[in-house]
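Heads up, the thing below is written out as structure tokens.
The values are calculated or read from the model by the stated rules, or taken from the named source; none is laboratory data. Just so you know, these numbers come straight off a predicted model, no measurement behind them. Note: ideal-geometry Cβ built from the backbone for every residue, glycine included; neighbour counts use all protein chains shown.
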Amino acid sequence: MAIFKLLGACGVAISGIVFVKETLAYEKLKISQADAYIGLIEYIKNQVECYNIPIDKIIESCDRDILNKCGALNTGYKTVADVVNSANMYIDEEIVDILMKFANEFGTVYRDEQLKMCNYHINELREYRKKTDEKISKERKMHFGLSVCFAASLILLLI
Amino acid sequence: MAEINNKLTSEDLLEEIRIRVNRQAYIICGGRNVLLNIVISESEMQDILRSVSRNSLYAFKDSISMGYITLDLGIRVGVVGRASTEDDKVLGIYDVSEMAIRVPNKLFNVNCDEILQIIDHGSTLIFAPPGVGKTTLLRIITQKVSSGERGKRTCVIDTRNELGYGLSKKDTLVTILSSYPRKLGIEIAVRTMNAQIIVCDEIGDDKDAAAIIEAQGAGIPIIASCHGSSIKDILSHKGIRDLHRAGIFSNYVKISRGDALDFKYEIYSWEEANGYI
């Protein structure tokens, strides 16, 4: 009988861990997408800084992998707004709003201002990435701890 | 567009569209200015500017500061507004208030054999008032001198990204130096590209004159254009006068447009032109 109780408690602990992993996988997608947008804006910034070429040419020459990770799976994008609008977003809404603002205002200012705008948004995304990373780490510890404690308590209660 | 079509008669040729913030737009056709019942707002002008700059205003800062943007088809759009300046240099144009969109027209009956003949005898300066078709004629001449069995290596110094449009055909010996400052472009054409003919548009200032004199020292004929309504008018510009005194141009060609949209030429030799100084 005791063996079944132990197995049941292990089952509770394992499902807790699986639940945590699944929840954290979504959070990791957010980080991966934030990284992709950081990469995209850095690429755009470098192209503007070094070659001063129009955005349609920049996006055309951008690594497909970065665009895919941004969630933009189609082809033929001409503007940053096209990329952001068509992407499947995992990142939080407040960051999507910031990205939309960047996308809509891109190309309306001269070079120096454009570069500053890129830097500002790269920093915003980095900040968001850092916060999300810290959140994941905290949640991982908390969920893991809770699952183990719950399983242990269950064993104690059932014995 | 429907209103523009209504205002045009069958014989009119649409030359330019002018759009203005909070003021009536107008078109230029057959030399006439025709007002339209179209008034655009500031935000609409911003949208148009964004569109003509391909959502990349930063990439056109230099040309906007010089008052224009060149579109893909070689169409020039004049842009004016409030200029931000420092030491007489325009840093950028803000609050764009007016745009002039030049409409390229197909020219019929373009016979430039006369000009092709005189080019064989030395450098040629083509002049006319704005809007007559100097750039179009230069393109046609470039196309002709650089193609065929006796085609020559022709370097086009396309400072405004306008002249080179349509010249990159497979069977021509044209080299296009896009967006190069004219002086540097001419130097490259002479020193590295070993050009047999150099073509450049809208010359006139002292720097141009110095670069052209240097190129001529290398014995390379130049076909150039400049603004001006008469030979006396063009020779009143210091740069052109310096070039004339240096004996750079063997011939000067004044162009005008006839009724059938063909070009009319008035050719002046160096000696004839000298009489107007």
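A few comments on the model shown:
- Condition met for residue B:93 (more than 13 Å from the chain's Cα centre (by Cα) and in the same structural domain as residue B:21 (by TED's automatic domain parsing)): yes
- Identity of the residue in the range A:43-57, closer than 14 Å to residue A:77 by Cβ and within 7 Å of chain B (Cβ to nearest Cβ), that ends up surrounded by the fewest Cβ atoms within 10 Å (Cβ to Cβ): A:56
- Here the range B:258-273 is the region considered, the condition is being surrounded by fewer than 16 Cβ atoms within 10 Å (Cβ to Cβ) and modelled with pLDDT under 90, and the residue that is nearest to residue B:219 (Cα to Cα) is B:264.
- Residue A:139 being more than 14 Å from chain B (Cβ to nearest Cβ), under 30 Å from residue A:76 (Cβ atoms), assigned to a helix (DSSP H, G or I) and at pLDDT below 90: no
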